[in-house]
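Presented below is the structure to which this report refers.
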Amino acid sequence: MGKREGIAFGFLVLLSGVAGLKEPRLFQPQSIESVLLWMPLITVVAMGQLLVILTGGIDLSIGSILGFSGIGVGLVLKANPHLPLPIVFLAGLAIGLALGAFNAAVIVWGKISPLIVTIGTLAAFRGLTFILSKGDQIDSSMIPDSLTVLAHSGITIAHVTLSWLLILALTIALITFATLGFTTFGRNVFALGSNADAARLRGISSGSVQFAVYAICGALAGLAGVMYASRFGFVNPGSAGSSFELTVIAAVAIGGTKLTGGSGSVLGVLLGCLLLSCINVFLSLLGIDANYQMLTYGLVILIAILTDAAARRGKA
Amino acid sequence: MTKGLRAAGITISFGGIDVVAGVDIKLRSGEIHALVGENGAGKSSLAKAIAGVYRPRLGSLELNGVGVKFRNPREALDAGVALIHQEPITFPDLSVAENIFAGHHLRCGPFVRWSATLARSRELLESLGVALDPASPVAGLSVAARQQVELASALSHDATVWIFDETTAPLTPKEVAELFTVMRRLRDQGCALLIVTHHLQEVFAIADRITVLRDGKKVAEKTVAESNEDEIVRLMVGRELSLERHEAREAGEELLVTRGLCGPGFRDIDLTVRCGEIVGLAGLVGAGRTELARALFGITRPTAGRMLLEGQEVQVASPRTALRLGISLVPEDRLHEGLLLPQSIAVNSTLAYLARLCNGGWLHQKNIHAETNKYAARFRLACRNTDQAVSELSGGNQQKVVLAKWLMTQPKLLILDEPTRGVDVGAKSEVHRIIRELAQEGMAVLMISSDLPEVLHLSDRIAVMREGRIVAQLNGAEATEEQIMFAATGQQGAALG
């Protein structure tokens with residue numbers, strides 16, 4: 001574990017310790033399970049965002065891709081309630097891939113800043129979601145139980161159930177870890193973000209690396225759309241994934257990823273996701289007034305990022 | 001002889017101007033070839049064209065007797081032609097080993113063979129005689145160490161032709177000696193080396209053959225054995241003094257005096273500029289001239305020494321203070337530091353003077369245009385009108401706009417950094433006329449220029465800088481190009497000044 005991950009980990013321990021002292025119920029299996037309920041969605045999307053941020057880019061449209069995929073898959077399930085689950089997940093992945101590839105095409109071929117492109121598609125994809133759904137929510141009646149059960153059942157270890165969704169998310173994290181650390185594609189992602197000029201001199205095609213990361217990021221957000229339907233049992237065209245991009249970027253940043261690219265790790269981002277999930281659960285468990293929860297959440301993110309920045313400046 | 005690289009009739013143009021014109025050069029394997037010339041003679045451009053960075057407009061390359069064309073540096077590298085940069089281009093976040101192999105990782109299918117990468121990196125670094133840990137990160141390494149990483153990377157491509165573009169400039173003498181050891185080793189292994197430099201001692205210490213460029217043309221090719229430093233300096237400069245010498249002017253009061261001024265990139269500067277006087281600041285690129293100018297204008301802070309303006313000791317804390325004190329700087333890089341390209345001539349030229357053309361905080365378009373028109377007429381600015389975007393103007397006219405901007409602030413001391421770089425001949429003489437007129441009117445002018453005829457033509461006095469110090473102060477009317485070059489390169493002749 002490097003210095004970057006260390007800070008996120010330290011924060012996690014500190015926060016759990018403080019919260020645990022005030023409320024011992026925190027360490028009961030139910031609380032841990034509710035923390036773990038938050039993890040899968042944010043982890044899957046954060047892995048895609050990590051790839052994008054490592055190249056020095058950003059994708060703000062992931063929340064809208066999640067929403068579009070959730071509605072799209074919901075409509076497919078409404079028409080074919082007995083579709084095999086692997087097909088359902090693949091459908092989400094494919095929808096996300098298509099939207100991500102659209103982002104990638106505009107960014108790479110149009111040579112436009114990813115920030116601007118994905119602000120545009122953030123709105124455009126959400127708009128498509130409303131058109132596709134005709135404004136109607138996908139209700140629990142349209143989502144088969146075989147899908148929703150994945151969020152709650154899984155492998156139980158010492159009274160704590162690791163849901164199938166969590167296992168899926170961790171598998172994706174593992175694949176991301178292997179890709180980034182051990183494949184030439186992964187290393188090109190780091191190289192591009194570390195110094196784009198040097199990458200060009202070494203013959204690394206920035207266009208194809210960029211295309212791939214936005215397409216993958218979209219695909220993972222699409223997959224998260226299916227996971228959303230599984231976890232919540234409904235998909236609202238307006239709220240599904242809305243402002244989720246901010247949570248995900250915060251998780252990536254808290255995990256010690258350099259926002260200008262070139263440096264970051266899967267382990268760090270996983271800790272960032274865990275930290276944000278914990279905050280969400282602790283805030284309600286500790287009985288913090290609902291009106292103060294959002295502010296507290298924001299402050300914890302700010303403090304974590306400031307600590308990381310201070311540590312980085314100290315190192316330089 | 002077919003081993004090595006042969007470039008024939010290389011012509012490189014930027015914006016319609018040939019910076020290198022019809023140059024032939026042959027890099028033989030087992031030989032170190034030095035490419036020398038004054039600043040702007042086209043040495044770096046030629047080197048970069050050979051390495052695939054620039055595409056020559058005319059000419060051909062032959063590698064080991066076979067015609068080649070490089071569309072980018074990677075193609076050159078794959079063919080075995082490596083360019084080593086003065087400021088190494090590396091990936092700061094990645095390890096030494098990965099910097100060596102980025103772009104051509106040792107792989108097995110899609111997977112990187114990390115242990116082989118580390119082992120091979122260690123071998124490459126050892127064969128260069130370099131003590132670097134391949135697993136350590138590149139961020140935080142010295143320039144010399146990062147150059148070594150670039151060398152190892154070139155070695156991993158089995159480079160047979162090595163081009164060193166001013167690589168010794170940022171190195172300490174000890175690091176230079178280490179680099180030379182590596183160069184000799186490469187030569188002895190049968191590589192062809194080209195070193196681009198303006199340090200003649202280095203040329204005579206390491207090279208076997210010398211090609212001299214002047215104004216983009218090859219003027220001589222000599223073996224080191226049959227030449228000497230004096231001859232090379234004369235060949236580098238060697239043009240007829242076609243420009244008439246300037247007419248003497250009455251110098252007035254001392255306006256700027258510095259005593260023992262030290263700062264980032266310069267040391268112990270004792271310099272005086274009088275009213276109505278043009279002082280030329282000559283020296284090689286990297287001698288500390290621009291750094292001195294930036295400190296005088298308050299962009300950086302001097303670390304020691306005194307600066308007096310009209311006899312009063314001053315501290316120039318920021319460019320804002322400098323402007324208030326009557327100091328203006330026309331920067332070297334006008335595109336990045338001098339102009340807002342998409343904006344109009346009027347906007348650009350009144351930028352530094354805007355406060356005084358305003359009416360209670362509101363822009364006063366009539367004043368702005370009147371003031372701009374005054375300078376446009378005086379400078380014979382070639383434009384449709386003052387609302388034309390600066391990006392549409394030629395280099396010379398852009399430079400006039402920058403000049404107008406700073407002159408509107410009515411400075412007492414005008415610092416010019418390479419005022420005619422990239423400007424065509426006609427505009428150049430216009431700019432010279434303006435500078436002379438300003439001095440005539442009593443302005444003190446400090447002019448940095450790498451263009452020796454320009455320095456001799458305009459300056460009343462010439463200060464020559466080398467390695468951050470002023471090494472010679474010459475009388476403008478009597479100095480010669482050779483004297484300046486001797487002082488700037490640290491040759492024996494400097495004593496003459």
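Which residues, taken from segment B:209-226, are assigned to a loop (DSSP other than H, G, I, E, B) and surrounded by 21 or more Cβ atoms within 10 Å (Cβ to Cβ)?
B:Gly216
Are there any pairs with C-beta distances below 9 angstrom linking a residue in segment A:86-103 that is at pLDDT 95 or above and surrounded by fewer than 20 Cβ atoms within 10 Å (Cβ to Cβ) to a residue that is aromatic (Phe, Trp, Tyr) and part of a helix (DSSP H, G or I), with the two at least 6 apart or on different chains, and if so which?
Listed pairs, sorted by first residue: A:Ala101/A:Phe211; A:Ala101/A:Tyr214; A:Phe102/A:Phe125; A:Phe102/A:Tyr214.
Each row is one residue, and each column tells you yes or no for (1) crowded, with 20+ Cβ neighbours inside 10 Å; (2) part of a helix (DSSP H, G or I); (3) modelled with pLDDT under 85.
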{"site": "A:Gly6", "(1), (2), (3)": "no, yes, yes"}
{"site": "A:Phe11", "(1), (2), (3)": "yes, yes, yes"}
{"site": "A:Ser16", "(1), (2), (3)": "no, yes, yes"}
{"site": "A:Ile32", "(1), (2), (3)": "no, yes, yes"}
{"site": "A:Gly57", "(1), (2), (3)": "yes, no, no"}
{"site": "A:Ser69", "(1), (2), (3)": "yes, yes, no"}
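Among the candidates B:Leu141, B:Leu171, which residue alone is within 22 Å of B:Pro92 (Cα to Cα), assigned to a loop (DSSP other than H, G, I, E, B), within 14 Å of chain A (Cβ to nearest Cβ) and at pLDDT below 90?
Only one candidate passes the filter, namely B:Leu141.
Within segment B:190-208, identify whether any single residue is among the charged types (D, E, K, R), in a helix (DSSP H, G or I) and modelled with pLDDT of 90 or more, and answer yes or no.
Scanning segment B:190-208, I find no residue that is among the charged types (D, E, K, R), in a helix (DSSP H, G or I) and modelled with pLDDT of 90 or more, so the answer is no.
Quick check on B:Met408: is it closer than 22 Å to B:Leu357 by Cα and over 24 Å from the mean Cα position of the chain (by Cα)?
yes
Quick check: anything in segment A:183-199 within 23 Å of the chain's Cα centre (by Cα) and among the charged types (D, E, K, R)?
yes
Consider B:Ser349 carefully, then state whether it is touching a strand residue (DSSP E or B) at 6+ places or on another chain (Cβ under 9 Å) and either among the small types (Gly, Ala, Ser) or surrounded by 13 or more Cβ atoms within 10 Å (Cβ to Cβ) (or both).
For B:Ser349, the condition - touching a strand residue (DSSP E or B) at 6+ places or on another chain (Cβ under 9 Å) and either among the small types (Gly, Ala, Ser) or surrounded by 13 or more Cβ atoms within 10 Å (Cβ to Cβ) (or both) - is not met.
When the residues of segment B:145-166 are filtered to those that are closer than 20 Å to B:Ala34 by Cα and among the hydrophobic types (A, V, I, L, M, F, W, C), which remaining residue is surrounded by the most Cβ atoms within 10 Å (Cβ to Cβ)?
Out of the qualifying residues, it is B:Ile163.
Considering (1) in contact with a strand residue (DSSP E or B) (Cβ under 6 Å, 6 or more places away or on another chain); (2) of a type in the set (A, V, I, L, M); (3) closer than 30 Å to B:His199 by Cβ; (4) within 14 Å of another protein chain (Cβ to nearest Cβ), say which one B:Ile100 fails and leave the rest.
All conditions are met except number (1).
Checking the condition in contact with a Lys or Arg (Cβ under 9 Å, 6 or more places away or on another chain) and within 29 Å of A:Leu51 (Cβ to Cβ), which residue from A:Ala124, A:Ala151, A:Ala104 passes?
A:Ala151
Please note which strands (runs of 3 or more DSSP E) are completely contained in segment B:50-96 and include at least 3 residues that are away from chain A (no Cβ under 13 Å), surrounded by fewer than 20 Cβ atoms within 10 Å (Cβ to Cβ) and in contact with a strand residue (DSSP E or B) (Cβ under 6 Å, 6 or more places away or on another chain).
Ranges flagged: B:58-63.
Of the residues B:Phe111, B:Phe180, B:Phe164, only one is within 14 Å of chain A (Cβ to nearest Cβ) and of a type in the set (Phe, Trp, Tyr); which?
B:Phe111
Do we find a residue being more than 23 Å from A:Asn103 (Cβ to Cβ), small (Gly, Ala, Ser), buried (at least 23 other Cβ atoms within 10 Å of the Cβ) and at pLDDT 90 or above anywhere in segment A:241-255?
no
Filter segment B:377-405 down to residues that are part of a helix (DSSP H, G or I) and more than 30 Å from the chain's Cα centre (by Cα) and give me whichever is nearest to B:Ile434 (Cα to Cα).
B:Arg378
Quick check on my filter: what residues within segment B:20-41 are of a type in the set (Gly, Ala, Ser), farther than 27 Å from B:Pro453 by Cα and either surrounded by 18 or more Cβ atoms within 10 Å (Cβ to Cβ) or within 21 Å of the chain's Cα centre (by Cα) (or both)?
Answer for segment B:20-41, where residues must be of a type in the set (Gly, Ala, Ser), farther than 27 Å from B:Pro453 by Cα and either surrounded by 18 or more Cβ atoms within 10 Å (Cβ to Cβ) or within 21 Å of the chain's Cα centre (by Cα) (or both): just B:Ser29.
Could you run through segment B:455-491 and say how many residues are in contact (Cβ under 8 Å) with a residue 60 or more places away in the chain, assigned to a loop (DSSP other than H, G, I, E, B) and closer than 19 Å to B:Thr272 by Cα?
5
Residues B:Ala47, B:Ala7: which one is away from chain A (no Cβ under 11 Å), modelled with pLDDT of 90 or more, under 25 Å from the mean Cα position of the chain (by Cα) and farther than 30 Å from B:Val138 by Cα?
Result of the check over B:Ala47, B:Ala7: B:Ala7.
Show the residue pairs that are 6+ apart or on different chains and have beta-carbon atoms under 6 Å apart, the first residue being within segment B:1-18 and among the basic types (Lys, Arg) and surrounded by 12 or more Cβ atoms within 10 Å (Cβ to Cβ), the second being outside any loop (DSSP other than H, G, I, E, B) and modelled with pLDDT of 90 or more.
B:Arg6/B:Lys26; B:Arg6/B:Glu62
For A:Leu192, only one of the following conditions fails: (1) among the aliphatic types (A, V, I, L, M); (2) in contact (Cβ under 8 Å) with a residue 12 or more places away in the chain; (3) under 22 Å from A:Leu36 (Cβ atoms). What is its number?
Answer for A:Leu192: the failing condition is (3).
If A:Ala251 meets every condition in (1) under 28 Å from A:Gly74 (Cα atoms); (2) in contact (Cβ under 8 Å) with a residue 24 or more places away in the chain; (3) within 14 Å of chain B (Cβ to nearest Cβ) apart from one, which number is that one?
Among (1) under 28 Å from A:Gly74 (Cα atoms); (2) in contact (Cβ under 8 Å) with a residue 24 or more places away in the chain; (3) within 14 Å of chain B (Cβ to nearest Cβ), A:Ala251 violates only (3).
Can you tell me how many residues within segment B:406-418 are in a loop (DSSP other than H, G, I, E, B) and either of a type in the set (Asp, Glu) or touching a Pro at 6+ places or on another chain (Cβ under 9 Å) (or both)?
Of the residues in that region, 1 qualify.
Mind telling me which of the residues B:Leu155, B:Leu151, B:Leu124 ends up being more than 11 Å from chain A (Cβ to nearest Cβ), in contact with a strand residue (DSSP E or B) (Cβ under 7 Å, 6 or more places away or on another chain), in a helix (DSSP H, G or I) and not hydroxyl-bearing (Ser, Thr, Tyr)?
Exactly one of B:Leu155, B:Leu151, B:Leu124 is more than 11 Å from chain A (Cβ to nearest Cβ), in contact with a strand residue (DSSP E or B) (Cβ under 7 Å, 6 or more places away or on another chain), in a helix (DSSP H, G or I) and not hydroxyl-bearing (Ser, Thr, Tyr), namely B:Leu151.
Any residue at all in segment A:268-277 that is more than 15 Å from A:Thr43 (Cβ to Cβ) and in contact (Cβ under 8 Å) with a residue 40 or more places away in the chain?
no
Considering (1) of a type outside the set (A, V, I, L, M); (2) part of a helix (DSSP H, G or I); (3) without any contact (Cβ under 8 Å) to a residue 60 or more places away in the chain; (4) crowded, with 17+ Cβ neighbours inside 10 Å, say which one B:His104 fails and leave the rest.
With (1) of a type outside the set (A, V, I, L, M); (2) part of a helix (DSSP H, G or I); (3) without any contact (Cβ under 8 Å) to a residue 60 or more places away in the chain; (4) crowded, with 17+ Cβ neighbours inside 10 Å applied to B:His104, the lone miss is (2).
Condition (residue is closer than 18 Å to B:Lys218 by Cα, basic (Lys, Arg) and touching a Ser or Thr at 6+ places or on another chain (Cβ under 7 Å)) applied to segment B:51-74: is it met by at least one residue?
For segment B:51-74, residues closer than 18 Å to B:Lys218 by Cα, basic (Lys, Arg) and touching a Ser or Thr at 6+ places or on another chain (Cβ under 7 Å): present.
The values are calculated or read from the model by the stated rules, or taken from the named source; none is laboratory data. For clarity, every value in this text was computed on a predicted model and none was experimentally measured. When we count neighbours, we look across all protein chains shown, and the Cβ atoms used for this are built from the backbone with ideal geometry, even at glycine.
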